[in-house]
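Below: the structure, in C-alpha cells.
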Amino acid sequence: MGRNSGWIRAVALCLAVGALASCGADRRVTYSGGTLEPVVAADEKRGRELAVEGMRLLKDADSVRIGVETAAAAGRRKVSLHMDRDSNCTGTFDSGPTQRGDLVIISGDATYVRFSDRALDEMLDMGARRGPTVAARVRERAALARGKYLKIPTGSAARGPAVPLGNCDLDRFTGAMPGAPDADDSFKALPETRRYGTRVVPVVESTADQETTLYVAARGKPYVLGVRVAEGGGDGAMTMRFSGYDEPVAARAPAPARTLDISEVGSGGGSLFEV
C-alpha cells in the first residue's frame, strides 16, 4: 500500500510539517452475495467513518487553528497557527533558544514577527559568547526589537528572520493531506470520553511500533479536535490540536509605534538576529 505508518499519522505529519504496511489486523472472510467480503467489527466501521468524515471537514474548512507540539531528545517544539484560505495567519512559536515569539501574516501586505523577551535575552547570551563585536551588534539590534514587531513587506528582497513556521497557507496545508485510507487501514472507535473541555470519540490506529489517536467531536459534526502520535518507547511523541474552524483570522497590522521595518535596520536586513 506504500504507507508504513498509518493513514491518520500520515495526515497528521503532513499538517505538522506544513506540506508537517497496513495497520489492519487479519479479518475473517465470509461469503456474501456472491463476493468475498471481510467482516468488519462495529467499532472498526465507526472508527473509519469518523476518521474519514473528520478529515474531510478539516480539509474543507475555510479557516482553522492548528497547534503542534513535539517532544524529543532535542527538546520540545511548539507552534500554534490560525490560518485561512487567503494566506492570512496569526500565531505563536517556540522552537527553542532564540526562536520564540508570535507573528501576524497579512496576505499581500507583510509579515510581522515579534520575538519574546526570553528569545531576545537568549540572543544576547549567544552574542556575548561570540566576542565583543558580535555582542555589541546584537545588543543594539535587540534593544530596537524588544517589544516590537519586525515588519517584512511582501515581496521584499530583504531576508527575514529564520522563524521556523513554514507556510501559513491553509490551501497548501490541506492540499498535501493524503487521500482516502486504503481498504486494509484499520481504525477502532473507543468509548466516548471527555477531552479539550468537551465530549470526544477517540479513534485509534495502531502499527507495530506506534499508536495514533484521533479525537473527534462526539456532538454535532465530527470535527477533528486533536491527534496524538506516540512512537515506540514513548520518545518522539507529537500532539496536535484543532480549533477555530471557519472563524475569521484576526490578522491586523500592529500599530506603527510597535513595528520596526526591516528596511530600517540597515545592512544585514533579516540577519540582525543571527548570532
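The values are calculated or read from the model by the stated rules, or taken from the named source; none is laboratory data. The shown structure was predicted, so the numbers you read here are calculated from the model rather than taken from an experiment. Glycine also receives a Cβ, built like all others from the backbone with ideal geometry; neighbour counts cover every protein chain displayed. Heads up: the accessible areas ignore ligands, DNA and RNA and are worked out on the full protein's heavy atoms, side chains in. Shrake-Rupley method; radii C 1.70, N 1.55, O 1.52, S 1.80 Å.
General observations
- Test result for Thr98, surrounded by 15 or more Cβ atoms within 10 Å (Cβ to Cβ), touching a helix residue (DSSP H, G or I) at 6+ places or on another chain (Cβ under 7 Å) and not aliphatic (A, V, I, L, M): yes
- Answer from Ile8, Ile66 - the residue that is β-branched (Val, Ile, Thr) and modelled with pLDDT under 85: Ile8
- Looking across Asp121, Asp102, one residue alone is charged (D, E, K, R), in a helix (DSSP H, G or I) and closer than 21 Å to Lys78 by Cβ. It is Asp121.
- The one condition from (1) in a strand (DSSP E or B); (2) at pLDDT below 95; (3) more than 19 Å from the chain's Cα centre (by Cα) that Arg139 does not meet is (1).
- Of all residues in segment 124-133, those being over 22 Å from Tyr149 (Cα atoms) and either open to solvent by less than 80 Å² (accessible area, probe 1.4 Å) or part of a helix (DSSP H, G or I) (or both) number 5.
- Screening Pro222 on (1) within 22 Å of the chain's Cα centre (by Cα); (2) in a strand (DSSP E or B) shows it passes everything except condition (2).
- Conditions (1) modelled with pLDDT under 85; (2) polar (S, T, N, Q); (3) buried (at least 18 other Cβ atoms within 10 Å of the Cβ): number failed by Thr212: (1)
- Residue, most open to solvent (accessible area, probe 1.4 Å), within segment 71-86, restricted to residues that are at pLDDT below 90 and assigned to a loop (DSSP other than H, G, I, E, B): Ala73
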